[in-house]
Amino acid sequence: MDKLTVKIILTVLALALTGCSSSENDIDKVPDKSAQSLFVDARTALDNGLYQKAIQILGAIDSRFPFGPISHQVQLDLIYAYYKSGDAAQGIALADRFLRLNPNNSNIDYVYYMRALINISTEENLFQDLAGIDRSDRDPEASRSAFNDFKSIVTDYPDSKYAADSRKRMISIKSRLAQYEIAVAKYYVKREAYASAANRARYVVEYFSPSPEIEQALEIMINCYDKLGLADLKKNALQVLAANYPNNKLMN
């Protein structure tokens, strides 16, 4: 049995055990208690990683006490619980609602941050990662949304405690978005649609610098301009490549 098969089997077993544990802790109905008492129970569930149970309790508080003094914090914790449980649809829907109804809340930066993390999580596929499957050609809509939310934090809330991590994540997402554009450019090259391929590659250079994909984008531009007989544009792209990647194979 190869290492990849072992990894997948172990992962499946781990997920199965986690699912069983969560369901066993979620079977009890939420008791008729005060909002504050239930909130303590929810926090305890969150601290212990019992996210489904936390969702059940927080949802009950949100339904029974929609205008209570802790209603906003309940919704914030519920967004987090949805994220940790992998329920992206509910997490994003609640984040959208919170932003729409509470535009001046002091925790808006946190909601943007959590919505971005949830969007990123929808693009993560553990089994495809283990198998080494390249997913760069999949439309990165969720990554674009996450990038915009991180950008909102950095731009509108520069003093936020989430700003530094948002900047780092934006760089990582830039690479993901650039990979998609490169994949599309390669597709156009295969179809001999050189003008479209060159435009996609140029877009990477213009909007995703710095990122590891810039060098490859310049190579595509040079190749396409050569095919199209655009000598001046090819020369300009070669100059940019030489200045930034002097050891590139096209420089030899």
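Starting from segment 32-46, take each residue that is closer than 19 Å to F67 by Cα and list its partners that are open to solvent by less than 40 Å² (accessible area, probe 1.4 Å), counting only C-beta distances under 6 angstrom and pairs at least six apart or across chains.
Matching pairs, first to second residue: A35/I61; A35/G68; L38/I57; L38/I61; F39/I70; A42/A54; A42/I57; A42/L58.
Would you check if I153 is touching a residue at least 40 places away in the same chain (Cβ under 8 Å), among the aliphatic types (A, V, I, L, M) and surrounded by fewer than 22 Cβ atoms within 10 Å (Cβ to Cβ)? Don't jump to the end; show me each part of the working.
Working: touching a residue at least 40 places away in the same chain (Cβ under 8 Å): yes; among the aliphatic types (A, V, I, L, M): yes; surrounded by fewer than 22 Cβ atoms within 10 Å (Cβ to Cβ): no.
No, not satisfied.
For segment 68-134, which helices (runs of 4 or more DSSP H) that fit wholly inside it have 3 or more residues that are open to solvent by 40 Å² or more (accessible area, probe 1.4 Å), among the aliphatic types (A, V, I, L, M) and modelled with pLDDT under 95?
Once the helices (runs of 4 or more DSSP H) in segment 68-134 are filtered for at least 3 residues that are open to solvent by 40 Å² or more (accessible area, probe 1.4 Å), among the aliphatic types (A, V, I, L, M) and modelled with pLDDT under 95, what remains is 126-131.
Could you figure out which of (1) among the β-branched types (V, I, T); (2) part of a loop (DSSP other than H, G, I, E, B); (3) modelled with pLDDT of 90 or more isn't true of I57?
(2)
Could you grab the pairs with beta carbons closer than 6 Å, sequence gap of 6+ or different chains, first residue in segment 158-180 and closer than 18 Å to R115 by Cα, second one modelled with pLDDT under 90 and polar (S, T, N, Q)?
As it stands, the answer is K174/S211, since those pairs meet every condition given.
Within segment 197-217, is there a residue that is over 26 Å from the mean Cα position of the chain (by Cα), exposed (fewer than 15 other Cβ atoms within 10 Å of the Cβ) and assigned to a helix (DSSP H, G or I)?
No, segment 197-217 contains no residue that is over 26 Å from the mean Cα position of the chain (by Cα), exposed (fewer than 15 other Cβ atoms within 10 Å of the Cβ) and assigned to a helix (DSSP H, G or I).
Quickly run through segment 226-239 and pick out the residues that are over 17 Å from E181 (Cβ atoms), assigned to a helix (DSSP H, G or I) and not polar (S, T, N, Q).
Of everything in segment 226-239, those that are over 17 Å from E181 (Cβ atoms), assigned to a helix (DSSP H, G or I) and not polar (S, T, N, Q) turn out to be D226, K227, L228, A231, D232, L233, K234, K235, L238.
Regarding segment 156-170, can at least one residue be identified that is part of a loop (DSSP other than H, G, I, E, B), at pLDDT 95 or above, out of contact with any His (no Cβ under 7 Å at 6 or more places or on another chain) and closer than 22 Å to G229 by Cα?
no
Quick check on P246: is it open to solvent by 40 Å² or more (accessible area, probe 1.4 Å), in contact with a helix residue (DSSP H, G or I) (Cβ under 8 Å, 6 or more places away or on another chain) and in a loop (DSSP other than H, G, I, E, B)?
Spelling it out, it is not the case that P246 is open to solvent by 40 Å² or more (accessible area, probe 1.4 Å), in contact with a helix residue (DSSP H, G or I) (Cβ under 8 Å, 6 or more places away or on another chain) and in a loop (DSSP other than H, G, I, E, B).
The values are calculated or read from the model by the stated rules, or taken from the named source; none is laboratory data. Bear in mind that the values here come from a model prediction, so they are computed numbers and not experimental data. FYI the Cβ positions are ideal-geometry reconstructions off the backbone, even for glycines, and counts take in every protein chain you see. These area figures cover heavy atoms from the full protein model, side chains too; ligands, DNA and RNA do not enter into them. Shrake-Rupley method; radii C 1.70, N 1.55, O 1.52, S 1.80 Å.
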